[in-house]
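S.K.: This is the structure I have questions about; it appears just below.
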Amino acid sequence: MNRPIIASRADWLVARKLLLAKEKEFTRQRDALSAERRKLPMVKIEKEYVFDGPNGATNLCDLFAGRRQLVIYHFMFDPSWEEGCESCSHLMDNIAGGIVHLGARDTSFAVVSLGPLAKIEPFKKRMEWTFRWLSSFGTDFNHDFQVSINVAEGSSEYNYTSAAALLKAGKIWFPKGELPGLSVFLQEGDSVYHTYSVYQRGLDLLLNTYNFLDLTPLGRHEEDTPGQSWIRHHDKYAA
């Protein structure tokens, strides 16, 4: 593997300060981008979405749990699968511990998958997760938020791009199925609005495994490995 050159402490400090200036500029740019994101227009949700949850039928308004904001992670779990996606599981491992703090900022969190609750619940127990996870099976929710695709439909999109074009370019790996994403909603009175959705590399920000590795000299080690193909469910790594 490539590794950094060996230098004196003085030379290292010069290089570190140059990089620090770029890191500070990146932080300012990210702050500015976040401000732009908050200014995006929002779209009123006109359709009634009813999910299957541990306590029975649950609608989108219920998921706010009395708070103004709601973040939903679209977890890949095809109805034909017996366990959830490894990459989505990796993401949830990265954020599960921090969800408890969102309530202090008037924000609720839930996970939604197309797979039936009868398959979600035992997998969730196996992973030892406690966040709220519901099934959208039998609804249009996943299709409407671009995380269930079918290239044969012609109009199917993912990440605001034609699914057929993404498949041709090698940006997605199959013509029909489930894909990951995250959507944000705001509630005003009895009305719910969709404010933001993000997909693909836009989810990297949530992956602290990568954030840690990006601080190291050897990085993510993915030059010869397709992104996240090395990821396993956390109970499947060798001890």
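S.K.: Looking at region 204-231, which of its residues are surrounded by 12 or more Cβ atoms within 10 Å (Cβ to Cβ), in contact with a helix residue (DSSP H, G or I) (Cβ under 8 Å, 6 or more places away or on another chain) and in a loop (DSSP other than H, G, I, E, B)?
M.R.: Within region 204-231, LEU207, GLY219, ARG220, GLN228, ILE231 meet the criteria.
S.K.: From the list ASP52, ASP62, ASP93, ASP78, pick out the single residue that is charged (D, E, K, R), at pLDDT 95 or above, surrounded by 13 or more Cβ atoms within 10 Å (Cβ to Cβ) and part of a loop (DSSP other than H, G, I, E, B).
M.R.: Residue meeting the stated conditions: ASP78.
S.K.: Considering region 177-203 alone, what residues qualify as being more than 14 Å from ARG68 (Cα to Cα), of a type outside the set (Gly, Ala, Ser) and surrounded by 14 or more Cβ atoms within 10 Å (Cβ to Cβ)?
M.R.: Correct list: GLU178, LEU179, PRO180, LEU182, TYR196, VAL198, TYR199, GLN200, LEU203.
S.K.: What is the one condition in (1) aliphatic (A, V, I, L, M); (2) surrounded by fewer than 17 Cβ atoms within 10 Å (Cβ to Cβ); (3) more than 21 Å from the chain's Cα centre (by Cα) that VAL151 does not satisfy?
M.R.: All conditions pass for VAL151, except number (2).
S.K.: Looking only at region 116-127, which residues are within 19 Å of the chain's Cα centre (by Cα) and either over 19 Å from LEU182 (Cα atoms) or surrounded by fewer than 23 Cβ atoms within 10 Å (Cβ to Cβ) (or both)?
M.R.: Selection gives PHE123, LYS124, MET127.
S.K.: Something else now. Could you tell me whether LYS119 is modelled with pLDDT of 95 or more, in contact with a Phe, Trp or Tyr (Cβ under 8 Å, 6 or more places away or on another chain), charged (D, E, K, R) and closer than 26 Å to GLU48 by Cα?
M.R.: It is true that LYS119 is modelled with pLDDT of 95 or more, in contact with a Phe, Trp or Tyr (Cβ under 8 Å, 6 or more places away or on another chain), charged (D, E, K, R) and closer than 26 Å to GLU48 by Cα.
The values are calculated or read from the model by the stated rules, or taken from the named source; none is laboratory data. This is a predicted model, so every value here is computed, not measured. When we count neighbours, we look across all protein chains shown, and the Cβ atoms used for this are built from the backbone with ideal geometry, even at glycine.
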